[in-house]
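The structure under discussion appears below in the form of structure tokens.
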2 protein chains.
Amino acid sequence: MGRTPPHPEVSQFDLQQVLEALVDPVRRSIVTQLDASGEDIKCGAFDMPVSKSTATHHFKVLREAGLLRQYYVGTSRMNALRRAEMDEAFPGLLDALTTHQDKRH
Amino acid sequence: MGRTPPHPEVSQFDLQQVLEALVDPVRRSIVTQLDASGEDIKCGAFDMPVSKSTATHHFKVLREAGLLRQYYVGTSRMNALRRAEMDEAFPGLLDALTTHQDKRH
């Protein structure tokens, strides 16, 4: 487990931190892509108009806010949307954001 | 109507702009106080730990994002939450944020 980065528990989720993560359009797009796919996605497979190091930063912010769970499969870092846990902490928030992303952007 | 500041139409509401307005905890508190009161509130009557000029800036950001409708009664600038219009543009977003504000903060 040494390579698994730290993740907050649901009880540690903080609305301010979650909103600061989601206010960034690239980070919101990562969440929307995961939500739309319904599957875990490796870091390199997202559609993102940023450098690899910037992308890594965005994944870290989302992970630390509790939005993503990251794990390794071989050398690939995979990303899972923590949908159920977010819905438990902040019911309706991800629904609201993922729906509008699809409709309006 | 000369003293009524400009307000965006619902069709002009932009999710990015709305999230940038709501990511600030003082601005989110203004929205939460309006939502909880169920009545319009004049600018000077909010519970806010900021200077008057900073408060004026926060009201402007919220108004320009479409979250507030401002109007004058005598010399008081009143604030109304544009709840129905926000719900039309971004269903569930204000519900999600106002509920969690009450519960967690």
> For A:Val26, are the conditions met, namely being modelled with pLDDT of 95 or more and either of a type in the set (Gly, Ala, Ser) or within 30 Å of B:Val10 (Cβ to Cβ) (or both)?
Replying inline: yes
> Does segment B:63-80 contain any residue that is on the phi > 0 side of the Ramachandran plot, touching a Pro at 6+ places or on another chain (Cβ under 9 Å) and surrounded by 14 or more Cβ atoms within 10 Å (Cβ to Cβ)?
Replying inline: yes
> Does A:Thr32 satisfy the criteria of being under 25 Å from B:Leu97 (Cβ atoms) and at pLDDT below 95?
Replying inline: no
>> Restricting to segment A:1-27, give me the number of residues that are open to solvent by less than 80 Å² (accessible area, probe 1.4 Å) and under 15 Å from A:Leu97 (Cα atoms).
In response: 10
> Pick from segment B:37-55 the residues that are open to solvent by 80 Å² or more (accessible area, probe 1.4 Å) and modelled with pLDDT under 95: which of them is nearest to the chain's Cα centre (by Cα)?
Replying inline: B:Asp47
> Does B:Phe46 fit the bill of being of a type in the set (Phe, Trp, Tyr) and within 26 Å of A:Leu22 (Cα to Cα)?
Replying inline: no
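The values are calculated or read from the model by the stated rules, or taken from the named source; none is laboratory data. No experiment lies behind these values; they were computed from the predicted model shown. Cβ: placed from backbone, ideal geometry, glycine included. Neighbour counts: every protein chain shown. Calculation scope for accessible area: heavy atoms of the full protein, side chains included, ligands and nucleic acids excluded. Shrake-Rupley method; radii C 1.70, N 1.55, O 1.52, S 1.80 Å.
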